[in-house]
Amino acid sequence: MRDEEDPDESLLGRYARGDAAAFGLLYRRHELRVWRYLERNVGNRAIAEELLQEVWFAVAREASRYEPSARFTTWLFTIARNRMIDAVRTRRQQVSLQSIGYEAEAVTQQLTAEPSAGPLAAVLVRDQAAALTQALGQLPREQRDAFLLQIEGDLSVEEVAAITRSSFETTKSRLRYARAKLRELLKEYA
């Protein structure tokens, strides 16, 4: 089996036994998804990058203690969510996130724009990205968190429930309400 085809859990085990290349592959597979999850929740690129580093340091530090009772991505996004919650609590005591500055529109545009797209396409993509960012910001925190965990983490409802320590039914409801609200807010882009 080639490295690219190895399951995440196998790669983490290899890293725990000293294979640094396995960690690099895990990082490349999941870096962008974890970063988007963090950035779309905190709304600030610099904070998201700082949190991303903390998440991967934690993965490296805890690799030998990982128990594959859940998928690697469930474990990874649990770490990301916990780091994000800790950071928001800490920063809330120091300064509000709004006063730091909201840079999500530019980041989302950069991540979603096609390099070969013309100026009109770039404007449309920028407008859609801005609308998505604004719509996500209008969701209640619990709905936004569940939605982004499922979308960015490619996680099942059960996995999102486990990460957020919520019941399956509560998580399913949060996801349903989040999708309904996003459909309503983004109907002009459908």
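Each 10 Å bin from zero holds the following percent of Cα-Cα pairs in the range 1-76: 19, 50, 26, 5. Here the label points at Arg28 and Val157, each 7 Å from Cα along the C-beta direction, are separated by 3.6 nm in the simple model.
Hull volume per residue, based on the alpha-carbon atoms of the range 122-172 and their convex hull, is 70 Å³. Phi angles of the range 167-177 translate, via the Karplus equation with coefficients 6.51, -1.76, 1.60 and θ = phi - 60°, into HN-Hα couplings of 6, 4, 5, 5, 5, 4, 5, 4, 5, 5, 5 Hz per residue; Gly and Pro are given as x. Taking the inverse of the mean reciprocal distance over all distinct Cα pairs, the Kirkwood hydrodynamic radius of the range 151-190 comes to 11.0 Å.
Compute the distance in nm between two label points, each set 7 Å from the Cα along the Cα-to-Cβ direction, one at Tyr177 and one at Arg89. My value for the distance between the label points is 2.3 nm. Neighbours of Val55, meaning other residues whose beta-carbon lies under 12 angstrom from its beta-carbon, give a summed charge of -2 when Lys and Arg score +1 and Asp and Glu score -1. Residues whose amide H falls under 5 Å from that of Arg71, counting only those 5 or more places apart or on a different chain, are absent, with hydrogens built in the peptide plane.
Listed values for the range 65-73 are Karplus-derived 3J(HN,Hα) couplings in whole Hz (6.51 cos²θ - 1.76 cosθ + 1.60, θ = phi - 60°), namely 9, 5, 10, x, 7, 9, 4, 4, 5, and x replaces Gly and Pro.
A full extension of the chain between Arg165 and Gln53 corresponds to an added length of 37.9 nm, given 0.36 nm per residue minus the alpha carbon distance. What separates the Cα centres of the range 138-190 and the range 2-60 is a distance of 22 Å. Note on Asp6 and Gln138: the model spin-label points, each 7 Å out from Cα along the C-beta direction, lie 4.6 nm apart. Of all accessible surface on the range 1-93 at a 1.4 Å probe, what whole percent is carbon and sulfur? So the carbon and sulfur contribution to the accessible surface is 48 percent.
The values are calculated or read from the model by the stated rules, or taken from the named source; none is laboratory data. Because the structure is a prediction, the values reported are computed rather than measured. When we count neighbours, we look across all protein chains shown, and the Cβ atoms used for this are built from the backbone with ideal geometry, even at glycine. SASA here: full protein model, heavy atoms, side chains in, ligands and nucleic acids out. Shrake-Rupley method; radii C 1.70, N 1.55, O 1.52, S 1.80 Å.
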